[in-house]
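Colleague: Mind having a look at this structure? Questions to follow.
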Amino acid sequence: MYQGRFFCEGKLRDLEVAVAQGIIVKIGKDLRNAPRVKLDGAIIPAGFDPHVHFRDPGETWKEDFGTGTESAIYGGTTTVLDMPNNLRAITDYSRFEEKLAAVSGKAKCDFGLYSMYTGQNTALIDRRSCGLKIYLGGSTNAVPEVSSLETKSGELESFGKPVVFHGEDAACLERHRLPFEGSLFDHDRARPVDCELASASVVEKLNVKRKIMAHVSSSSTLGVLTSTVTEVTPHHLLLNNSMDLGSWGKCNPPLRSKEEQERLFQSYLDAKVTYIGSDHAPHTEEEKENFDQAPSGITGVETRVPLLLALFANKILSLERLVESTSSAPARMFGIRKGQIKEGYYFDVMSFRPSEIRRINEDKLHSLCPVSPFNGFTAVFPSDVFVSGNRVLERGELIEGYRGRFLY
């Protein structure tokens with residue numbers, strides 16, 4: 001039995017929450033017949049991050065499932081869904097099984113794994129995948145691109161899982177490719193919003209119920225995607241290409257202009273974005289040394305929720321919008337009973353104090369590649385975190401012992 005100030009039914013309320021075998025079984029006041037554990041601060045559903053690249057297996061010098069999920073917990077996130085663009089892309093059930101075996105013993109929070117759809121591998125995809133990922137244009141690890149996508153709606157819908165699109169049109173990217181990129185402005189020119197808009201038009205026409213456009217970088221794209229779920233990252237919300245970030249701000253799709261970033265941020269505040277994914281994609285300092293050759297990707301699973309909690313503490317963002325976009329909406333989309341403090345749901349929660357605002361120090365982040373473009377930004381980190389009723393963070397310190405569950 002837990003007692004505290006819980007975010008329940010749209011507001012913070014003084015409640016008691018009874019938990020059995022990791023599931024919330026009763027919510028109310030003055031519940032009987034159980035000892036009470038008092039939780040301090042505000043208690044909200046823990047984060048659900050539907051978009052991470054933990055590099056495991058294949059590139060574990062950048063990240064592995066142990067360090068990635070530990071970073072998630074320190075950032076208040078208890079569920080992560082890992083993308084399939086490993087060095088050996090997850091395109092069939094044997095590779096899926098290899099990956100699941102490689103990461104299961106390392107996970108410190110709950111997780112799911114995507115498979116990659118290439119247009120020719122429907123019969124080979126493991127049905128335990130949390131969803132399908134489709135790359136409409138090239139990105140890190142030279143992933144395959146799908147042609148004639150408009151003919152594939154039936155195949156995609158028959159799979160019965162969410163379909164996530166990396167939305168940059170391949171032909172458009174080829175037309176705008178530069179011989180050399182030396183800055184964030186160049187990277188934006190080489191992968192302009194037009195390429196995102198072109199792919200958004202294709203995705204919007206697909207007859208697939210649960211289709212998702214990942215890492216939308218422009219409010220113009222949101223206007224096209226009227227029947228498509230939209231994901232936005234903290235870096236596209238809060239960073240822009242006029243900031244002095246160097247290759248640490250290089251990502252796909254690129255950071256846009258300050259004006260474009262501000263329009264996207266306002267769209268998020270206005271609830272025109274479905275949810276927030278970190279697109280956590282770490283690379284080493286050596287790899288990021290030369291801008292033109294640097295791979296695209298930003299570390300972000302640990303800072304995703306804390307950055308937004310600081311916006312709440314500063315009265316810029318409502319707690320309801322924060323919880324919906326970082327937890328409730330992605331959990332609902334991927335069919336997991338998390339993201340709400342509600343009877344029948346997992347007791348996945350985090351506590352925090354809005355007054356405990358501090359600046360992000362990348363040296364204290366827990367990723368193997370902790371350098372962050374958010375270094376120095378204000379954030380509110382959680383004090384306590386629970387996964388399925390198990391306390392995994394107490395007063396900001398990790399509690400070892402919980403083995404993350406594969407949810408699918």
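Colleague: Search the range 180-205 for residues that are in contact (Cβ under 8 Å) with a residue 12 or more places away in the chain and in a loop (DSSP other than H, G, I, E, B) and pair each with any residue that is of a type in the set (Phe, Trp, Tyr) and surrounded by fewer than 22 Cβ atoms within 10 Å (Cβ to Cβ) when their beta-carbon atoms are under 9 Å apart and the residues are at least 6 apart or on different chains.
Modeller: Glu181/Phe291; Gly182/Phe291; Ser183/Phe291
Colleague: Please state which one of Glu157, Glu168 is at pLDDT 90 or above, in a loop (DSSP other than H, G, I, E, B) and not basic (Lys, Arg).
Modeller: Going through Glu157, Glu168 in turn, the sole match is Glu168.
Colleague: Among (1) within 25 Å of the chain's Cα centre (by Cα); (2) of a type in the set (D, E, K, R); (3) surrounded by fewer than 21 Cβ atoms within 10 Å (Cβ to Cβ); (4) outside any loop (DSSP other than H, G, I, E, B), which single condition is Glu16 missing?
Modeller: Here Glu16 clears every test but (1).
Colleague: I would also like to ask the following. For the range 247-260, does any single residue satisfy the condition of being more than 20 Å from the chain's Cα centre (by Cα), surrounded by 21 or more Cβ atoms within 10 Å (Cβ to Cβ) and either modelled with pLDDT of 95 or more or assigned to a loop (DSSP other than H, G, I, E, B) (or both)?
Modeller: yes
Colleague: Just a yes or no: is a residue in the range 239-247 farther than 20 Å from Phe374 by Cα and free of Cβ contacts under 8 Å to residues at least 12 places away in the same chain?
Modeller: no
Colleague: Here is a follow-up. Find the residue count for the range 307-335, including only residues that are of a type in the set (Val, Ile, Thr) and either surrounded by fewer than 21 Cβ atoms within 10 Å (Cβ to Cβ) or touching a His at 6+ places or on another chain (Cβ under 6 Å) (or both).
Modeller: 1
Colleague: Looking at the structure I just gave you, is Thr118 closer than 26 Å to Glu155 by Cβ, touching a residue at least 12 places away in the same chain (Cβ under 8 Å) and among the hydroxyl-bearing types (Ser, Thr, Tyr)?
Modeller: Yes.
Colleague: Scan the range 260-279 and report the pairs whose first residue is farther than 18 Å from Pro330 by Cα and without any contact (Cβ under 8 Å) to a residue 40 or more places away in the chain and whose second residue is assigned to a helix (DSSP H, G or I) and hydrophobic (A, V, I, L, M, F, W, C), with Cβ atoms within less than 6 Å and a gap of 6+ or a chain change.
Modeller: Sorted first by the residue in the range 260-279, then by its partner, the pairs are Phe265/Leu237.
The values are calculated or read from the model by the stated rules, or taken from the named source; none is laboratory data. Keep in mind it's a predicted model, so treat the numbers as computed, not measured. Note: ideal-geometry Cβ built from the backbone for every residue, glycine included; neighbour counts use all protein chains shown.
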